[in-house]
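> Dropping a structure here in structure tokens format, bear with me for questions.
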Amino acid sequence: MDFLGKFLWYGGIGLEAAILLRSLWTSSYLRFPIFYTYMACVFASSVTLLTLDPNSEAYAKSFWYWNAVTILLGYGVLVEIMHRTLVDYPGADRLARFLAIAVFFGVVGGLLLSSALHYNPVAIANWTHHVNALERDLRIVQAVFLTITLAVAIHYRIALGRALAGLAFGFGFYVAVSVVSTALGYYYGKKFEPIAKELQPIGYLISLGIWLAALWQTVKVRSKPPNPQVEDDYRRVVAMTREKLREVRSRFMPLESR
Amino acid sequence: MIGLIISLLVVVGLVVFLALSARRGSAPTAVGSAQDIVGAREALDHLQKGLLPAEFVERMYDRGDAEYVMKVAPREVQKQFIAERKRIAIAWIERVREEIRGLWHFHLRESRHHEAMSIRSEIALAFDFYSLLLACRILQVAVRFRGPYSVAGVVHTTMAAAARVCQASERSLGMLTPAAQIAHEGDDARVAG
């Protein structure tokens, strides 16, 4: 392993450990349980792979096993981001779920159709020959789900908040880098391998940095979105009541002074 | 190659939405807050009573006045008349656009809280709103370059669509009528007092 490789590997383990330890300190694992399970899994995989010889079969098997687990947990993180973003807005949540289900059935339908016809019209992947293609397709679906969540939040003007925005940005950045890296790797083949080998870990390290910065502060658990206008309306009602009381009092003042 | 293009398009889409959500943040507002309802009611009233009545729109885009001025007034006055009409038409379209945007934002603030929201009508309404805003923008450009009398036909079609959106917003507001009336009556009483 060269210097950059070692830096990325140990730097990643260090940041993962920092995120996990910080979550224990701030109890933010209670708010984002799936994300921290994902983080614990990635940490475990990094430490496990560090003990194995990178050229051994055990390393390759372990790598793909952990990769599959973390990709699946990545979907869990997306569900968590979607749920946390829209939990206080049932109407927006309904639209996002509808779009996500529509995309899911669209993808599954497309795959069934292409396998029935023995022809993939968009030639996105030939999974049996290229494992990279499978990873890329799974990452593309993750990117689409995250895009739907962000689009619905923007459309309905829903603020994400610091922690949630950090989660979405970090995850979005890593997914974007993964899609680009695997897509170019699939298209250019061995020529792109040296770049792809460094690109994804660098992207992941940046995402870890974003997560650590976003989740460093204590996450305040709230059951409802802040409603400044409710307070504003309430203040207005109080002001109006005070005014009415003053009016009534002014009418009684002459009587009181008698 | 198609696979690569699709992958890159998905990434571009994701990056665009990440950038947009970083740029746009909004303070959530209370559902059915008096200020919101009164604001939306006022926007609707402006549109229905002040900006969209057929006779008003017809009068503004009617060629009669222009033909009369062209016949009797000197060249300078003709030029000034056309320039003024153009300015008024652009200002009117901008005002309609602003009121429609106000209604749309009100609708979004309300509908995001309603679990019983119909996805079909929500998508149809979004299409109506966005196409209307786009039509207003195109109208403004057309009036700027071709004058107010060249777009009279398009104006009527656009205004019919605007009236449909107003009806939909009125239904939305209808769900909140008691609160709106109270707020309105309160305001009226204050004005009268």
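> Checking A:Ile101 against (1) more than 9 Å from every other protein chain (Cβ to nearest Cβ); (2) open to solvent by 20 Å² or more (accessible area, probe 1.4 Å); (3) at pLDDT 85 or above; (4) touching an Asp or Glu at 6+ places or on another chain (Cβ under 8 Å): exactly one of these is not met. Which one?
Going through (1) more than 9 Å from every other protein chain (Cβ to nearest Cβ); (2) open to solvent by 20 Å² or more (accessible area, probe 1.4 Å); (3) at pLDDT 85 or above; (4) touching an Asp or Glu at 6+ places or on another chain (Cβ under 8 Å) one by one, A:Ile101 breaks only (4).
> If you don't mind, another one. Within the range B:88-132, can you find the residues that are among the hydroxyl-bearing types (Ser, Thr, Tyr) and away from chain A (no Cβ under 14 Å)?
B:Ser131
> Continuing with this model, one more query. Return yes or no: is A:Leu20 assigned to a helix (DSSP H, G or I) and more than 25 Å from A:Val179 (Cβ to Cβ)?
Yes, satisfied.
The values are calculated or read from the model by the stated rules, or taken from the named source; none is laboratory data. Small disclaimer: the values here were computed from a predicted structure and weren't measured. Note that we place each Cβ from the backbone using ideal geometry, even for glycine, and neighbour counts take in every protein chain shown. What goes into the accessible areas is simple: the full protein's heavy atoms, side chains included, and nothing from ligands, DNA or RNA. Shrake-Rupley method; radii C 1.70, N 1.55, O 1.52, S 1.80 Å.
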